[in-house]
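What follows is a set of notes on a single structure, which appears directly below.
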Amino acid sequence: MTTTPDRFQGTSHFPLLADPATYRACHWDLCVEHEMRRYWLGLFRSHIGKLTDAAVEEAIDRGVNAADMRGRADLARRDFETYLDIITDAPDRFGALDILEICIHRERALRKGGITDPYRLVKSRENEVALAVLPRLLSELDAVHDRERASRLAEGVFAGNIFDLGATQTADLFKDASVDFHAVRGKLKPRPWLIDELDAFAHRLNAAPRHKAACLFVDNAGSDVILGMIPLARELLRRGTHVILTANITPTLNDITHDELTAVIQRIAAWEPVIASALKEGRLELIDSGNGLPLIDLTRISGKLAQAVVSRGVDLVVIEGMGRAVESNLHAGFSCDVMKIAMIKDHGVADALGGKLYDLVLKFS
Ligand code: MG
């Protein structure tokens, strides 16, 4: 993989933005929203230590000298803390300030310490756990009536999305063990959800004509992509929709990368006929988004993805996960159908939406 160490975004616009001129990835202006800024700076400050600790563990697993790695992790942590100190005193010091900007600075600080993929080990563990559950889950979904399937798929996306090491509320859940997908799904909050446009999505999914092509922005590794988004992609493929799965090009937190997703899909294709034939026939494509952040600025995606969205005639966009669908892009308008879907795992995000922790969001328009 070749990316310059300091670039975490692509250079193209997502072609289906309704109005690129007025589009803003993040609606929360942290120069203006003082209370919100205090909250987010506190959260980033309390989280960086977890991230650098994971980075040390990851490096030791690769045979890197532990003392050397601890030194570099400290350097990265201090570098990021210095940045946080600066914007605490002068929020507009580097221009506009939003969560996306802070994420860019965090990645830069980590790279300075030579840290690229702190959660490699836990992502890999969670991928194995989820892959083992997938056959049973797909059989269950196949036994559900078409009318019910959209709601079962949405519940799967919500339940999978609990694997989030960027949110302090859920990061500790996965520290030493996995979380049981079926147990989480069984305990989801009942409808109506905080934002609940499932009926409109289900109606459109079952209506004719079917969507021509869908572009699915996936979020985390493990249960999130494997037990949430891949079953949704498979359902769209079964209905004759061309599917583009797009993941980050470089690692950030526990987001799945394009390379990791490619390996996961190949393993599933070895035994699952819908994915296998779609892959073979080119109806399922994997294209990196050009992004390397947990949020996404849709004016900064890869040229490859922008091109494919146009050439395939994408008429359904799915943006998944709290970072991409709520902290960024919740209010973004598109010129085609769009579903934004996530579980809320952070008090600040819940407060901003007038909701509570573990509330569920499914926005369809
Ligand atoms: Mg994520």
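The values are calculated or read from the model by the stated rules, or taken from the named source; none is laboratory data. Because the structure is a prediction, the values reported are computed rather than measured. Neighbour counts are summed over all protein chains in view; Cβ atoms, including those assigned to glycine, are modelled from backbone coordinates with ideal geometry.
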### Task
Kindly check whether there is at least one residue in region 303-310 that is within 18 Å of the chain's Cα centre (by Cα), part of a helix (DSSP H, G or I) and within 16 Å of the ligand (Cβ to nearest atom).
no
### Summary
Selection from region 198-212 of residues part of a loop (DSSP other than H, G, I, E, B) and either within 14 Å of the ligand (Cβ to nearest atom) or not small (Gly, Ala, Ser) (or both) yields 209, 210, 211, 212
### Query
Any idea how many residues of region 252-288 are polar (S, T, N, Q) and away from the ligand (no atom under 16 Å from the Cβ)?
3
### Summary
The correct count of residues that are part of a loop (DSSP other than H, G, I, E, B), on the phi < 0 side of the Ramachandran plot and under 15 Å from the mean Cα position of the chain (by Cα) in region 312-357 is 5
### Task
State which residue is farthest from residue 272 (Cα to Cα) when the search covers only region 213-246 and only residues that are within 16 Å of the ligand (Cβ to nearest atom) and of a type in the set (Asp, Glu).
219
### Message
Please go through region 311-333 and give me each residue that is away from the ligand (no atom under 16 Å from the Cβ) and among the charged types (D, E, K, R), ordered by number.
### Response
312, 315
### Message
For region 248-302: of the residues being closer than 22 Å to residue 131 by Cβ and out of contact with any helix residue (DSSP H, G or I) (no Cβ under 9 Å at 6 or more places or on another chain), which is surrounded by the fewest Cβ atoms within 10 Å (Cβ to Cβ)?
### Response
273
### Query
Restricting attention to region 187-197, does a residue exist that is at pLDDT 95 or above, basic (Lys, Arg), outside any loop (DSSP other than H, G, I, E, B) and more than 16 Å from the ligand (Cβ to nearest atom)?
no
#### Entry: Restricting region 163-183 to residues that are assigned to a loop (DSSP other than H, G, I, E, B) and free of Cβ contacts under 8 Å to residues at least 24 places away in the same chain, the residue that is surrounded by the most Cβ atoms within 10 Å (Cβ to Cβ)
180
### Query
Applying the selection to region 122-162, what residues are assigned to a loop (DSSP other than H, G, I, E, B) and surrounded by 19 or more Cβ atoms within 10 Å (Cβ to Cβ)?
161, 162
